[in-house]
Amino acid sequence: MLVLITYDVQTSSESGKKRLRKVAKKCEEYGVRVQNSVFECIVDSTQLKQLQIALEEIIDPSVDSLRYYRLGNNHDTKVKHMGAKPAIKVDKPLIF
């Protein structure tokens, strides 16, 4: 299924900047960055749960936030891209 993950991590402190980097690195293990704090991830239910647990261990819930949008397996009809940065088919092989 396609899951859109968004996050907002407070970066006014060094620990916040460190959390931000850790959240981004963890999301990169599962998906593709489509905007600064937005990742598209193709995962199954188990992988999503693992990712949620890992991210929730990184953030400080008193000042940071995470959002998970489950777009399902039929996501081609639910995502429309316009503007800069070419759209990437996250469920297809990446060939450079």
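The values are calculated or read from the model by the stated rules, or taken from the named source; none is laboratory data. Everything numeric here is computed off the predicted structure, so don't read it as measured data. FYI the Cβ positions are ideal-geometry reconstructions off the backbone, even for glycines, and counts take in every protein chain you see. The protein model used for the area step is the full one, side chains on, heavy atoms only, and it has no ligands, DNA or RNA in it. Shrake-Rupley method; radii C 1.70, N 1.55, O 1.52, S 1.80 Å.
Couple of notes before you dig in:
- Checked against the criteria, residue 20 counts as buried (at least 18 other Cβ atoms within 10 Å of the Cβ) and under 13 Å from residue 63 (Cβ atoms).
- Residue count for region 35-51, restricted to those that are over 15 Å from residue 8 (Cα atoms) and surrounded by 12 or more Cβ atoms within 10 Å (Cβ to Cβ): 8
- Matching entry among 34, 23 (being modelled with pLDDT under 95 and under 9 Å from the mean Cα position of the chain (by Cα)): 34
- Hey, residue 62 free of Cβ contacts under 8 Å to residues at least 24 places away in the same chain, open to solvent by 30 Å² or more (accessible area, probe 1.4 Å) and small (Gly, Ala, Ser) or not: yes
- Test: residue in region 71-86 that is loosely packed, with under 10 Cβ neighbours inside 10 Å and at pLDDT 95 or above: no
- Subset of region 46-59 [touching a residue at least 40 places away in the same chain (Cβ under 8 Å) and out of contact with any Asp or Glu (no Cβ under 9 Å at 6 or more places or on another chain)]: 48, 55, 59
- Looking only at region 1-17, and only at residues there that are assigned to a loop (DSSP other than H, G, I, E, B) and of a type in the set (S, T, N, Q), the one that is surrounded by the fewest Cβ atoms within 10 Å (Cβ to Cβ): 12
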